[in-house]
Amino acid sequence: MSASGKQPAFPCEVIQIRHVERRGAICSSGQEEFTVKHPGMTLRDYFAGKALQGYLASLAPDFEPGEFASAIARECYALAEAMIEAREEGGAS
């Protein structure tokens, strides 16, 4: 897998505040602020998920994909790899 396939698709930083009880000479409560960093899913996973969504939407209504789940997943990741390669070659602007 290429390095760009490991890039995060939806990274984010979330500042959270929680209530904290502080005990001391005088009991008081306060707030503590901290940042949570979440890398998000990889670009490869995002592209594979989008490929899967399109693949499943194109199936006949009576088709049961469960029997072929592993093969379908492999195909979707192969499509994701192809999208990443095209992106690296300048196929996406």
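Quick notes on this one:
- Looking only at the range 17-55, and only at residues there that are charged (D, E, K, R) and modelled with pLDDT of 85 or more, the one that is nearest to residue 81 (Cα to Cα): 44
- Taking the criterion of being hydroxyl-bearing (Ser, Thr, Tyr) and either modelled with pLDDT under 90 or farther than 21 Å from residue 41 by Cα (or both), the only residue of the range 56-84 that qualifies is 58.
- Residue count, the range 70-93 (criterion: surrounded by 10 or more Cβ atoms within 10 Å (Cβ to Cβ) and either without any contact (Cβ under 8 Å) to a residue 12 or more places away in the chain or among the hydroxyl-bearing types (Ser, Thr, Tyr) (or both)): 7
The values are calculated or read from the model by the stated rules, or taken from the named source; none is laboratory data. In this text, all values refer to a predicted model and were calculated from it rather than measured experimentally. Every residue, glycine as well, gets a Cβ built from its backbone with ideal geometry; the counts of neighbours run over all protein chains shown.
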